[in-house]
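Inspection log for the structure reproduced underneath, given as structure tokens.
The values are calculated or read from the model by the stated rules, or taken from the named source; none is laboratory data. As the structure is a computational prediction, the values presented were derived from the model and not from experiment. Using ideal geometry, Cβ is built from the backbone for each residue, glycine included, and neighbour counts are taken over all protein chains shown. Surface accessibility is based on the protein's heavy atoms, side chains included, excluding ligands, DNA and RNA. Shrake-Rupley method; radii C 1.70, N 1.55, O 1.52, S 1.80 Å.
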Amino acid sequence: GHRAAAPVREVASVCPYCGVGCQVGFRVRDGRIEEVVGRDGPANQGRLCVKGRFGFDYLAHPDRLTTPLVRIDGAAKDPADCLDPARARAKFREATWEEAMGRAASGLLRIRDGAGPGALAGFGSAKGSNEEAYLFQKLVRTGFGTNNVDHCTRLCHASSVAALLEGIGSGAVTAPFTAVKDADLIFLIGARPTENHPVAATFLKDAVARGAMLVTADPRGSALDRCATEVLRFAPGQDVALLNAMLHVILAENLHDAAFVAGRVDGIERLRSHVAAYAPEAMEARCGVPADQIRRVARRYAASPAALTLWGMGISQSVHGTDNARALIALALVCGHVGKPGAGLHPLRGQNNVQGASDAGLIPMMLPDYHRTDDPAAHAAMEALWGVALDPRPGLTVVEILEAAGRGEIRGMFIMGENPAMSDPDLAHARAALARLDHLVVQDLFLTETAALADVVLPASAWPEKDGTVTNSNRTVQMGRAAVPLPGGARQDLSIIVDLARRLGLPWTYAHPREVFAEMAQAMPSLANITWERLARQNAVTYPSPAPDAPGREIVFADRFPTPDGRARLVPAGVSDPAEAPDADYPFMLTTGRALEHWHTGAMTRRAGVLDALEPAATVSLAPAELRRLGVAPGDRVRVTTRRGMVECASRADPALPDGMVFLPFAFREAAANLLTDPRLDPIGHIPGFKLCAARVEAARTR
Ligand code: SF4
């Protein structure tokens, strides 16, 4: 007979993929998400991209972990298991939560009490909630006893944040990307929003349709170039040469905003003499942009009544990332393009909660709200709030932690929702370092490449299964709500962290994320006037919020910067060559990044049916002329080799790539881009240069 269909229920939440932070409605029937619709959130106004609309069936994928796993006694950790899920799985057996948590905790305690807290480290997640990020860093700082806690912000915008903190005293955006609606000029550099922030890209196109001028700057062409008035195709790695040449024109011709600079910015004379040597004519050979175009764009940018500067990882993922961001910030500051409608600085954040996780203190040198661990006042305040003595010494960063693990100095790790065995540079080294750990606890949805090297694997909750808040690229804190039940024996991430903390001797009693949010609000003045209840009512509140009933401030720093004296600081940046320049053996430049359909290491999107069908396999992209020179047709397999590794996959012709450049997305295990990338770090932001290294490309021999 017929059974009446269960009614569809719509649960208001947020998209768990990128930092745009689109509000979604999960339409649920019989405990399953049937459909996802865009809700009228401040960052999306009903819009969604393909990931937000179709990227959710990974929840019920057969690979989903629903029971804790422990490594079988004597089963060796082999980095090759990262590529062979069946072989990796055979080295684990199912366990009860009691056994798995007991093992997880005892291994960490043994190392802490034997080798000392400095032998432990934790990687939290920018894909979890603010409450999870906050508790994770509190667990590492108070339970492990070390500041060795970091997350993927290190791999995306650490250099941008370092330069922003140094220049204007705050690492967050000064204006939302939606402020492009009031911009006269949009300067977009090192970013590909149509692929990586797709809904933000639609607001940019709307602004252009309304009459705003778009300037794009990137070594690779992109879809938004079609909407641009000026396209600056500069040479890879020469960001500072281009930006300093623009600064040269503006300062030599006195086009800067002299009143703004006099009132609010220090260091103009030092910058002026620094950029005197960077005339466009002197830089054109280096940066590859004609001098007259540099002059034209610089004059237009300076004359604009309101310019909004947006940037992505083309700026930040470089061994000169902090210098790139310094030059960009200087450009906006000398022209007064900060703190007024339609103007500002906006690093487009990668993951859905990388802003919130950073704010919550998931950073080795920063406590919540970016107070340095060794700042005596902040240190004392956190010790008082947490009731535990804290180590003031800054901890190690993501790449440094794995280097220390490779040397046997870090012996135990807790990794929640991150996948360094895919996301770190020089994967052969990173995987060997993870395999060398005495004790690795991984909390995740799937047996990821990282979990394949674990001692204990804890089955966790997916975003549509949990309540919690996240903070998007626009500084907007948004409420996520559980829409569907947890599968099998999986547990809420928050309750796993609390359970582990209790087993490490911490007297934690948090039973609901709202209790954690209340403590965060005490630790973080940025959250003043924002409460769990307010978010439950309003869904989204931007910080800073001046009163419990007043909307948050979208544009900040209209009168002063959050520095000790209220003034911004110009920091001159020098040009330097890429860390690894092409040569006779490795004549190409390899660049890496994301693809529209796939999210980061692919753990979720490659298990989402529609997304996997759209982009099922790794491809390496080259300019059509380069493919012809290699004697291969699009679709033929090619081999890409660097000093660190080799991958083979199908080729794709991409006319937007300049000659001599090759692009590989990093989501694909079978052709992992990060086997190839260079682990050298920016000295200030400690970020690796994922955007450039030297490579050799050749037709793959067919077997
Ligand atoms: Fe989700 Fe980003 Fe797409 Fe919006 S633009 S639907 S937040 S992935």
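For region 657-703, which positions are over 18 Å from Gln238 (Cα atoms), assigned to a loop (DSSP other than H, G, I, E, B) and β-branched (Val, Ile, Thr)?
Correct list: Thr677, Ile684, Thr702.
May I ask you to say which residue of Gly38, Gly31 is open to solvent by less than 30 Å² (accessible area, probe 1.4 Å), more than 19 Å from the chain's Cα centre (by Cα) and more than 7 Å from the ligand (Cβ to nearest atom)?
Numbers: Gly31 fails: open to solvent by less than 30 Å² (accessible area, probe 1.4 Å).
The match here is Gly38.
What are the residues in region 490-510 that are basic (Lys, Arg) and surrounded by fewer than 17 Cβ atoms within 10 Å (Cβ to Cβ), if any?
The initial filter retains those residues of region 490-510 that are basic (Lys, Arg), namely 491, 502-503.
Result: Arg502, Arg503.
Just name the residue that is nearest to Gly342 (Cα to Cα) out of those in region 149-205 that are in contact with a Cys (Cβ under 8 Å, 6 or more places away or on another chain) and not polar (S, T, N, Q). Outline the logic, then answer.
First pass over region 149-205, keeping only residues in contact with a Cys (Cβ under 8 Å, 6 or more places away or on another chain): 196-199, 204-205.
Subsequent filtering for residues that are not polar (S, T, N, Q) retains 197-199, 204-205.
Working: His197: 19, Pro198: 20, Val199: 18, Leu204: 12, Lys205: 15 Å.
Looking at residues that are in contact with a Cys (Cβ under 8 Å, 6 or more places away or on another chain) and not polar (S, T, N, Q), I get Leu204.
Quick check on my filter: what residues within region 418-459 are among the acidic types (Asp, Glu) and assigned to a helix (DSSP H, G or I)?
Of region 418-459, the ones among the acidic types (Asp, Glu) are 418, 424, 426, 438, 444, 449, 455.
Residues satisfying the conditions do not exist here.
Go through region 19-28 and count every residue that is within 16 Å of the ligand (Cβ to nearest atom), open to solvent by less than 70 Å² (accessible area, probe 1.4 Å) and in a strand (DSSP E or B).
Going residue by residue through region 19-28, those that are within 16 Å of the ligand (Cβ to nearest atom) are 19-27.
Going one step further and asking which of them are open to solvent by less than 70 Å² (accessible area, probe 1.4 Å), we end up with 19-26.
From what is left, the residues that are in a strand (DSSP E or B) are 23-26.
Going through region 19-28 one residue at a time, the tally reaches 4.
On the given criteria, is Ala179 part of a helix (DSSP H, G or I) and buried (at least 24 other Cβ atoms within 10 Å of the Cβ)? Lay out the reasoning, then the answer.
Working: part of a helix (DSSP H, G or I): yes; buried (at least 24 other Cβ atoms within 10 Å of the Cβ): yes.
Yes: the conditions hold for Ala179.
Please state which of the following conditions Pro16 fails to meet, knowing it meets all the rest: (1) part of a strand (DSSP E or B); (2) within 16 Å of the ligand (Cβ to nearest atom).
(1)
In region 568-594, what count of residues is obtained for those that are among the aromatic types (Phe, Trp, Tyr) and touching a helix residue (DSSP H, G or I) at 6+ places or on another chain (Cβ under 9 Å)?
Looking only at that region, the number is 1.
Out of all the residues in region 70-83, which are in a loop (DSSP other than H, G, I, E, B), free of Cβ contacts under 8 Å to residues at least 24 places away in the same chain and open to solvent by less than 70 Å² (accessible area, probe 1.4 Å)?
Listed by number, the residues that qualify are Ile72, Ala75, Ala76.
Is it true that Asp467 is open to solvent by 10 Å² or more (accessible area, probe 1.4 Å), touching a Gly at 6+ places or on another chain (Cβ under 8 Å) and over 17 Å from Pro420 (Cα atoms)? It would help to see each step written out before you state the result.
Working: open to solvent by 10 Å² or more (accessible area, probe 1.4 Å): yes; touching a Gly at 6+ places or on another chain (Cβ under 8 Å): yes; over 17 Å from Pro420 (Cα atoms): yes.
So Asp467 fits the description; yes.
Counting residues that are of a type in the set (Ser, Thr, Tyr) and closer than 23 Å to Thr322 by Cα, which helices (runs of 4 or more DSSP H) fully inside region 122-176 reach at least 1?
Values: elements: 130-138, 153-156, 158-168.
So the answer is 153-156, 158-168.
From the residues in region 460-512 that are part of a helix (DSSP H, G or I) and basic (Lys, Arg), which one is nearest to Val24 (Cα to Cα)? Show your work before the answer.
Taking region 460-512 and keeping what is part of a helix (DSSP H, G or I), we get 463-465, 493-503.
Add one more test, that the residue is basic (Lys, Arg), and what stays is 502-503.
Numbers: Arg502: 35, Arg503: 37 Å.
Taking the candidates together, the pick is Arg502.
Scan region 280-312 residue by residue and report those that are open to solvent by 30 Å² or more (accessible area, probe 1.4 Å), in contact with a helix residue (DSSP H, G or I) (Cβ under 9 Å, 6 or more places away or on another chain) and aliphatic (A, V, I, L, M).
Ala282
List pairs: first residue in region 591-610 and closer than 21 Å to Glu35 by Cβ, second residue assigned to a helix (DSSP H, G or I) and away from the ligand (no atom under 12 Å from the Cβ) anywhere in the structure, Cβ distance under 6 angstrom, at least six positions apart or on different chains.
Partner pairs satisfying both residue conditions: Glu597/Leu614; Met604/Tyr58; Arg607/Tyr58; Ala608/Asp57; Ala608/Tyr58; Gly609/Asp57.
Of everything in region 567-616, what is in a loop (DSSP other than H, G, I, E, B) and among the hydroxyl-bearing types (Ser, Thr, Tyr)? Give them in sequence order.
From region 567-616, those in a loop (DSSP other than H, G, I, E, B) are 567, 570-587, 594, 596-597, 599-604, 608, 615-616; that's our starting set.
Residues satisfying the conditions are Ser576, Tyr586, Thr601.
Which of the residues belonging to region 41-69 are in contact with a helix residue (DSSP H, G or I) (Cβ under 6 Å, 6 or more places away or on another chain), within 16 Å of the ligand (Cβ to nearest atom), part of a loop (DSSP other than H, G, I, E, B) and open to solvent by less than 40 Å² (accessible area, probe 1.4 Å)?
Answer for region 41-69, where residues must be in contact with a helix residue (DSSP H, G or I) (Cβ under 6 Å, 6 or more places away or on another chain), within 16 Å of the ligand (Cβ to nearest atom), part of a loop (DSSP other than H, G, I, E, B) and open to solvent by less than 40 Å² (accessible area, probe 1.4 Å): Asn44, Cys49, Gly55.
When the residues of region 404-418 are filtered to those that are open to solvent by 10 Å² or more (accessible area, probe 1.4 Å) and either small (Gly, Ala, Ser) or modelled with pLDDT under 95 (or both), which remaining residue is nearest to Phe666 (Cα to Cα)?
If we take residues in region 404-418 being open to solvent by 10 Å² or more (accessible area, probe 1.4 Å) and either small (Gly, Ala, Ser) or modelled with pLDDT under 95 (or both), then Glu418 is nearest to Phe666 (Cα to Cα).
Select from region 641-656 the residues that are touching a strand residue (DSSP E or B) at 6+ places or on another chain (Cβ under 9 Å) and part of a loop (DSSP other than H, G, I, E, B) and write down the one among them that is nearest to Ala223 (Cα to Cα). Lay out the reasoning, then the answer.
Filtering region 641-656 down to residues touching a strand residue (DSSP E or B) at 6+ places or on another chain (Cβ under 9 Å) leaves 641-644, 646-654, 656.
This time we only want the ones that are part of a loop (DSSP other than H, G, I, E, B), so: 642-644, 654, 656.
Working: Thr642: 29, Arg643: 32, Arg644: 32, Asp654: 12, Ala656: 9 Å.
Within region 641-656, the match that is nearest to Ala223 (Cα to Cα) is Ala656.
Restricted to region 185-217, and to residues that are away from the ligand (no atom under 14 Å from the Cβ) and assigned to a loop (DSSP other than H, G, I, E, B), which residue is surrounded by the fewest Cβ atoms within 10 Å (Cβ to Cβ)? Talk me through it step by step, then tell me what you get.
To start, the set of residues in region 185-217 that are away from the ligand (no atom under 14 Å from the Cβ) comprises 185-190, 206-217.
Filter again for assigned to a loop (DSSP other than H, G, I, E, B), leaving 190, 211-212.
Values: Gly190: 28, Gly211: 7, Ala212: 23.
That would be Gly211.
All but one of (1) closer than 28 Å to Asn474 by Cα; (2) of a type in the set (Val, Ile, Thr); (3) outside any helix (DSSP H, G or I) hold for Val261; which doesn't?
Val261 satisfies every listed condition except (3).
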